[in-house]
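What follows is a single structure, written as structure tokens, with notes after it.
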């Protein structure tokens, strides 16, 4: 069993969104792209314990806080729909009255599927279930429930998708903040509670614990005994003797609910007491990484006990070293029917094939998910090696800067940092702007890489040398913002664009530091070296040290912004203005003769109130997304 499609409408930051999944999946995207919101939406539909929370939803769970439509006098519902395919034989029997057919090639449900259509190898049985959340006009509160999308009853209603039904799907969601409270406690819905339910040992366990606690002597010292007798004698002055007979103490009120909230897992700390025994402390006193590992270990136990499990987990890399991240990811994928992660870790993402990495993007409330593919000019065998070095940061960012070669890759970030120090009002470092940098490794790769990242919803910048008209047109069509140099070769642009003062200062530092190579000893720069000879000598030095970041060192050593090449300054300023547009100029005050003129009737008209009396709004009957 695995999720194949999720559709969301009017939920938190998503006005509408549709995302397809292909087996094990890693959701990536910029901050606030909607990764957590998407998993929260799935939890509302499939989480067995989710609807037991009160309230199920609130005002802030509606997109833009809109849960009523004053113009239509209607309640605006939250609608979330999930399609689950790959049903086991047991699940097919359980859900037999609600089966639909999913075409994995067309990524859609068959409508009125004929028998021959369902026999195709790419078509399989699925169920479609949905959550509706709405404002309850009569109760002045919010409500929500889950339903099967098929069949529709004669009166237009839908059958409830209950908690026992959801347990058949085996969905488990772990949020980012994993303190262990919902994993290592025994409260309802915790991982330990799920394990006990799967082992069917809860009844005998709770009865045995209650019997032990009833027989446990508490507070039987002489002082406490005398106090309780005094309490009993005092009470008998006012009530019959059998109303408050034999007061005594117990460790709790001896109910299952109290035990669930009270029982705590203790673990050895490694410290030894004077008698040689190992001191134990509550699990909350363990390190963050240890708690995370314990939580993930419990997930493995659940996967072994329950053959069909869908795990959804945010950022499994938290507080864990890279090798542990990889082991956990691979273990959960092997033991579960489907594992869904959100992550910012290259060590996690490189374990997934590109088609299993879904890049989420949200613009004006509309969410889309695009599967990543192999980048151009990168063979599948070299993908894992190239991924961390070149592509991971760009996949996780909103803005991508494609640079022609290694020199630009080293020099432009260094120049941006230096300019941000010298003139912070006009410039910012690329890191501060959230721009990921990609080395295209050649001018012919700029356009293909730009098109690749733009297809994933990124805003793409490109910096490159002078091009032919045809090549320039191709690059312009492949990226959002192209910046062509007026020269051929970035080293030449730097050498002939940097001021003479900065060039001589940099050359003196290189020579004084002993970094000038022996084979160029004949042209070692001195204070008397003519400018043209100095530029030629540094050109030879850059060619010898190509890839060492020396052009970046030169730009980073410029004493003022004006010492840098104009192309570098204008390009970096333009990138900054695209990401952070400058404020609009302040309009001058109105002339005195117009200051007292009333606004036109259209502007003066008052807008209707956003929320008139709620009693007039029509309720929203639960229904799946159209």
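The values are calculated or read from the model by the stated rules, or taken from the named source; none is laboratory data. Please read all numbers here as calculations on a predicted model, not as lab measurements. Neighbour counts are summed over all protein chains in view; Cβ atoms, including those assigned to glycine, are modelled from backbone coordinates with ideal geometry.
Of the candidates 6, 56, 111, 42, the single residue that is at pLDDT 95 or above and not in a helix (DSSP H, G or I) is 6. Candidates are the residues of the stretch 356-392 that are part of a helix (DSSP H, G or I) and in contact (Cβ under 8 Å) with a residue 12 or more places away in the chain; the one that is surrounded by the fewest Cβ atoms within 10 Å (Cβ to Cβ) is 384.
Taking residue 450, is it in a loop (DSSP other than H, G, I, E, B) and in contact with a strand residue (DSSP E or B) (Cβ under 6 Å, 6 or more places away or on another chain)?
No; evaluated as a whole, the condition is false for this residue.
Exactly one residue among 267, 258 is modelled with pLDDT under 80, part of a strand (DSSP E or B) and under 16 Å from residue 186 (Cβ atoms), and that residue is 267.
Determine, yes or no, whether residue 541 is free of Cβ contacts under 8 Å to residues at least 40 places away in the same chain, under 20 Å from residue 489 (Cα atoms) and in the same structural domain as residue 409 (by TED's automatic domain parsing). The answer is yes for residue 541. Taking the residues in the stretch 59-79 that are on the phi < 0 side of the Ramachandran plot and in a loop (DSSP other than H, G, I, E, B) as candidates, determine which candidate is surrounded by the fewest Cβ atoms within 10 Å (Cβ to Cβ). Here the residue is 71. For the stretch 527-545, the set of residues classified as surrounded by 13 or more Cβ atoms within 10 Å (Cβ to Cβ) and assigned to a loop (DSSP other than H, G, I, E, B) consists of 529, 545, listed by residue number.
Tell me whether the stretch 287-294 contains one or more residues that are surrounded by 14 or more Cβ atoms within 10 Å (Cβ to Cβ) and either assigned to a loop (DSSP other than H, G, I, E, B) or free of Cβ contacts under 8 Å to residues at least 60 places away in the same chain (or both). Yes; the residues of the stretch 287-294 include at least one that is surrounded by 14 or more Cβ atoms within 10 Å (Cβ to Cβ) and either assigned to a loop (DSSP other than H, G, I, E, B) or free of Cβ contacts under 8 Å to residues at least 60 places away in the same chain (or both). Scanning the stretch 438-455 for residues that are surrounded by fewer than 23 Cβ atoms within 10 Å (Cβ to Cβ) and within 26 Å of the chain's Cα centre (by Cα) gives 439, 451, 454, 455. Across the stretch 330-355, the number of residues qualifying as surrounded by fewer than 23 Cβ atoms within 10 Å (Cβ to Cβ) and in a helix (DSSP H, G or I) comes to 10. Restricting to the stretch 9-38, count the residues that are in a helix (DSSP H, G or I) and either crowded, with 21+ Cβ neighbours inside 10 Å or touching a helix residue (DSSP H, G or I) at 6+ places or on another chain (Cβ under 8 Å) (or both). Total satisfying the criteria: 2. For residue 302, the conditions (1) closer than 25 Å to residue 207 by Cβ; (2) at pLDDT below 75; (3) within 34 Å of the chain's Cα centre (by Cα) are fulfilled apart from (2).
Considering the stretch 558-582, the residues that are in contact (Cβ under 8 Å) with a residue 60 or more places away in the chain and assigned to a loop (DSSP other than H, G, I, E, B) include one that is nearest to residue 429 (Cα to Cα), namely 580. Screening the candidates 486, 508, 471, 522 for the property of being assigned by TED's automatic domain parsing to the domain that holds residue 440, outside any loop (DSSP other than H, G, I, E, B) and touching a helix residue (DSSP H, G or I) at 6+ places or on another chain (Cβ under 8 Å) yields one hit, 471.
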